Each structure stands twice: as structure tokens, then as C-alpha cells.
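Notes for the one structure printed next.
The values are calculated or read from the model by the stated rules, or taken from the named source; none is laboratory data. The structure presented is a predicted model; accordingly, all values stated were derived computationally and were not measured. Glycine also receives a Cβ, built like all others from the backbone with ideal geometry; neighbour counts cover every protein chain displayed. To get the accessible areas, we keep the full protein, side chains included, count just its heavy atoms, and leave off ligands, DNA and RNA. Shrake-Rupley method; radii C 1.70, N 1.55, O 1.52, S 1.80 Å.
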Amino acid sequence: MLRAVWSAKWYILLGLLAFTLIVVATTPIHFLWKYAEPHARSLPVRIENPAGTVWQGWVNLGIPQAGIVATEWQLSPWSLMTGAADLELKATGDNVRFEGQAHANGLFSGLPDQLQLTDVSGYVNSAALMPLLIQARATLEGDFELSRLNANIDIANRKVSDATGQLVYSGGQLRARVERQSVDTELPMLVANLMMEGDKLVVPVATAEGDPLGQLFMQPDGWGGMTVLRRAVDIAGQSWPDKQAEPDTVIFEVSQKFL
């Protein structure tokens, strides 16, 4: 009898592991959340009202600049056995919308330390960028559409290690103060491709015809911002005081701490 049990020990262990995963996965998420909440306080987002189960659930995320974002997920059960999570995600807020796939590593340590995003698409209204625009004494209307985003995010060190994708701005009204000159104009459609320059994430911005206007950037230390070229003033139908400045001259730059 004991010999038969011993010979089947791996099947028994596998059954116990599967049983444990099923129990955890079907337990209401709000019950499990009280154990994970202390570890989540260091995250750059605020987590509110988790509901559902580990397999399928939803939560409200408080994201700086974006407000409350309702997030839904579906989790692959087999990935948990390796301390990872394969997720289908959908997030919707007043000014943002995203959906795609995510793979998180490091769950055995409590919280994920690495996050990989695959084939993410989304939408951001310019209202979500207001804190950054206010620093530049500017307002902007219009929408941003994100497509085919693939990214690796180091959560433990709060930095983006790799990213590709395309961002398209619909065009809209821009009001800004550049030096002593006021700009009030209608911007055309703009296109940008996400890329890495070393360990720095950059998003060069150009017209639909490919003329560069500036770039957004995020540094590994969590500081991000944007630069604007003189050509952007030309595109806006404005004149620049320095007549010697070339179209590719940076006329101003603004940054702030995001992560």
C-alpha cells in the first residue's frame, strides 16, 4: 500500500498543486487583496475596489494625469505555476482606453518585477496630458491613437527597457506661449513611432509627410517630457524671432518626474 502511494507521489503532488491553484483562483479577489495590499503601496498607481476572481476580474486604477481607469483581466491559469501571469487586459477611463496582452514575471516574490506588453492598442485624449502642458504654458485639443505597442517594463526599477509601436495624433487646436510669442493655431495630423535610444524611450513626432517637429521622451530615472523644433512653429503658421535658427533647432524643452 505504502509502496503504491510512494510510486504515485508525483501525481499526488501535481494534484495538490492543481487543487491549490483552483482554490486560490476561485476565491473572491477582495479576500486575497487584503494580503497583497501592503505590497502594492509602493506602486506608481493606486488600486481600488478589486472584484471578481484571479482568473477573471476587474479593478479601478488611480493613475496620475489619467484619473480613474476601470481595468478588466483574464488570466491563463497555467502561467501561475511558473510564478508568472499571462493576461488579456482591457482598460477604460474618461480620457484613456487600452487593450492588449501582458506577461508579468516575479509573482513568487509577492508582486511582479517585470512586465511585457504585446500588441497593445489604445486611445488617449489630450486632457490626460494637461499637467505636462500647463508647465509648458500650453493647451491642446485632439486625440492620440496607439497601435502595435510592444514593450518591456522593469517594474522593480521603474523604467522602460524596450518599446516599439506607432502613435497618431488626430490634429486639433493648440494654444501656447513660446518665449514672448503667443501661438493659437490648428495642428495637422501627426505621426510618431516609439523607439529606444540606448536606455531612453523616445517618440519622435513628425507630420504625415515625415517632417520632424520634436519628440517626447522618458528617461530611465523616471523623468520625461518633450522637445519642440523651430519647424513646429513654422507648421503652426507662426514666426520665430531668431531668424538664424534652423528648422531643426530645439526652441524649448520641458520635463517632469513621472515614475
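Below, the figures for the structure above:
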{"item": "Thr53 accessible area, assembled protein chains, probe 1.4 Å, Å²", "result": "40 Å²"}
{"item": "Length gained when the stretch Glu72-Gln173 is fully extended (0.36 nm per residue, less Cα-Cα span)", "result": "33.0 nm"}
{"item": "The stretch 119-205: Cα Rg divided by the 2.2 N^0.38 Å rule of thumb", "result": "1.23"}
{"item": "Full-extension gain in nm, Ala156 to Asn193, via 0.36 nm per residue minus C-alpha separation", "result": "10.7 nm"}
{"item": "Packing rank of 249-255, 216-222, where each peptide gets the mean count of other beta carbons within 10 Å, highest leading", "result": "216-222, 249-255"}
{"item": "FRET efficiency for Asp184 and Trp223, using Cβ-Cβ distance with R0 set to 35 Å, rounded to 0.05", "result": "0.75"}
{"item": "Prolate/oblate/rounded label for the stretch 170-259 (Cα gyration tensor, a/c 1.5)", "result": "prolate"}
{"item": "Stretchable slack from Glu246 to Arg137, in nm (0.36 nm times residue separation minus alpha-carbon distance)", "result": "36.9 nm"}
